[in-house]
1. Looking at region 316-332, which of its residues are hydroxyl-bearing (Ser, Thr, Tyr) and either surrounded by fewer than 23 Cβ atoms within 10 Å (Cβ to Cβ) or in contact with a Lys or Arg (Cβ under 6 Å, 6 or more places away or on another chain) (or both)?
2. Given (1) polar (S, T, N, Q); (2) surrounded by fewer than 21 Cβ atoms within 10 Å (Cβ to Cβ); (3) touching a residue at least 12 places away in the same chain (Cβ under 8 Å), where does GLN359 come up short, assuming only one miss?
3. Which residue, of VAL157, VAL174, VAL201, VAL152, is surrounded by fewer than 20 Cβ atoms within 10 Å (Cβ to Cβ) and in contact (Cβ under 8 Å) with a residue 40 or more places away in the chain?
4. Quick one: in region 484-515, which of the residues that are surrounded by fewer than 23 Cβ atoms within 10 Å (Cβ to Cβ) and of a type in the set (Ser, Thr, Tyr) is nearest to PRO377 (Cα to Cα)?
5. Return the residues of region 140-169 that are small (Gly, Ala, Ser) and assigned to a loop (DSSP other than H, G, I, E, B); say none if nothing qualifies.
6. Could you list, in sequence order, all residues of region 204-227 that are out of contact with any strand residue (DSSP E or B) (no Cβ under 7 Å at 6 or more places or on another chain) and crowded, with 19+ Cβ neighbours inside 10 Å?
7. Looking at (1) free of Cβ contacts under 8 Å to residues at least 40 places away in the same chain; (2) surrounded by 19 or more Cβ atoms within 10 Å (Cβ to Cβ); (3) in contact with an Asp or Glu (Cβ under 7 Å, 6 or more places away or on another chain); (4) under 30 Å from LEU416 (Cα atoms), can you tell me which one ARG299 breaks?
8. Restricting to region 113-133, and then to whatever is under 20 Å from LEU513 (Cβ atoms) and touching a Ser or Thr at 6+ places or on another chain (Cβ under 7 Å), can you tell me which residue is surrounded by the most Cβ atoms within 10 Å (Cβ to Cβ)?
Amino acid sequence: MTETTNSDHDQTKPVLARRKFLAGLGGAAASTVAFPHLVAAESARPLTADIAVDLDLDEIQGNVLPGFNNHHQALILVGFPSSSDGRAWLAAVRSSVASAREVTARSGLSNTSWVNIALSHPGLIALGRPRSELSTFPVEFRAGLVKRANTVGDLGVNAVKNWPAPLQQVFHAVVIVAADQADDRQSLVQQHQQLAAQHGVEVRHVEYGDARVDEPGHEHFGFRDGISQPGVRGFTVPANPDDAEQGAPGQDLLWPGEFVLGYPSQAGPGADVEVQGPIATSGPDWTKNGSYLVFRRLRQDVAGFRAFIRSVAKDQGLSEDLAGAKIVGRYKSGAPLALTGEQDTDPGLTNPALLSDEQINDFEFVDDGDLNGDLVPLAAHIRKTYPRDHPTDDGGEADTQRHRVLRRGIPFGASLAADATPDSAAALAEFPNDRGLLFLCYQTSIARQFEHVQQQWVNDPTFPEPNAGQDAIIATAPKTGEFSLPGGRTGHVALMQRFVTTTGGGYFFQPSLSALATLSAAPPADVPTTPRPPRPNGSGRRPRPGRPSRGRGGNGGDGEGTP
């Protein structure tokens, strides 16, 4: 399904057969295929996807589905000295929380500002929620990010002991503020600092995120970010005239229960994408219309990554643009390698149509003839994090769609100048002058979604195929490995260092607006449990034969839950 041509650097350039097909159609016909919105109305499939989902947008917080697209944001991380202080503060801050309906209604308008809030499991404990209620939350949420380090690979340099001291604290809640203007963002931060002080709540740390001034929409390595987001049934408008089950072309519509509790989820392996799965539930009844939030502060070694790309380009006989595209799966502009074929110069800079909603995500890997990763390597970042139609041991694309997340990240720190010297780069590589990404994502199962992607896909050198290699961008496995590059001068690229380091984070739950009212009120009395009969040794425990007794701790305990 591929064709090869000679290049300037004596390497073959795989070009998808689909591209050849488009070129052979002639201008008008090729435009019809490449730009499906130009197809005549009578020949297009009608947009009649069955999206009978009634989402309560007045209850769902605004950053979950529509997302805050403001250029200036901050995460205000707080702690509750007492249950009463925490509840009083929550009651006061609740009035400023923006719903999904508000954010959607003002989408595209200028000078917007928003506030959302999420609570950690330690925060729910600190609010005095009954243990019988807390125990119904999933084990990974109760344990927290720090105690799930073995699962996500936050070991070695990524371990919590190496995080900046302010980020090693226990946080009970995070207030997310967003604004179009930096001054408005700062005013919101100050207002919430004052509100916290008025209610005896401690502001333990504030993280600031800002879109890059020099390259808006791009993360610090220089690549356009946040492109491939899943569509959500009942929220995302079907916009592909050739496929009513998609938003923009290539954007499959997923059931909202993948991201918001209380709604149908994906049916999973063996079912078509449009088949409704079970209602997503997790924790107490009041979690409906809520979502789990993962926050990770990811430091980026920009100077190191640039040097790595230069080295790969030289060793492989590639241009730096193409070497970067091989590692990421997209050129810096966002143009997908799967659509463009191998180009020495970023094609998105000369052909803006490649960056349109109609094209930028309209591709598959296997269906477009790249099963073996000859064009987009199997370990390319976009392929590791979302393998699309590549077959997997767990059920292929129907299973893959069960592991999607809604990403809401924003860069932090100043951009590194292209001509920065090694000394100047090193001086701006440590907290608080470092740079990176405030990674945020929403899902209804942290274990099945965020943790699965990080552990089973990104960190695993055998996914999606044996010898695929590790994601060179965000893998956090303790040992560095290799990146497989089919057809290269050498078939493997040694990953001698990591370019992204975890420097903070946590697991939170973002409740509905009604749930915030519930949580700000005095909690109900705990449900009594049937007392166990006294043990002969008075210990209250009965050792099991052949099994040593086990104390608290471990991933099944409260984890970060001791306030």
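The values are calculated or read from the model by the stated rules, or taken from the named source; none is laboratory data. As the structure is a computational prediction, the values presented were derived from the model and not from experiment. Positions of Cβ are backbone-derived with ideal geometry, glycine not excepted, and every protein chain shown enters the neighbour counts.
1. SER319
2. Condition (2) is where GLN359 drops out.
3. VAL157
4. SER484
5. GLY153, ALA159
6. The answer is GLY222, and nothing else.
7. The one condition ARG299 does not meet is (1).
8. Among residues in region 113-133 that are under 20 Å from LEU513 (Cβ atoms) and touching a Ser or Thr at 6+ places or on another chain (Cβ under 7 Å), the one surrounded by the most Cβ atoms within 10 Å (Cβ to Cβ) is LEU127.
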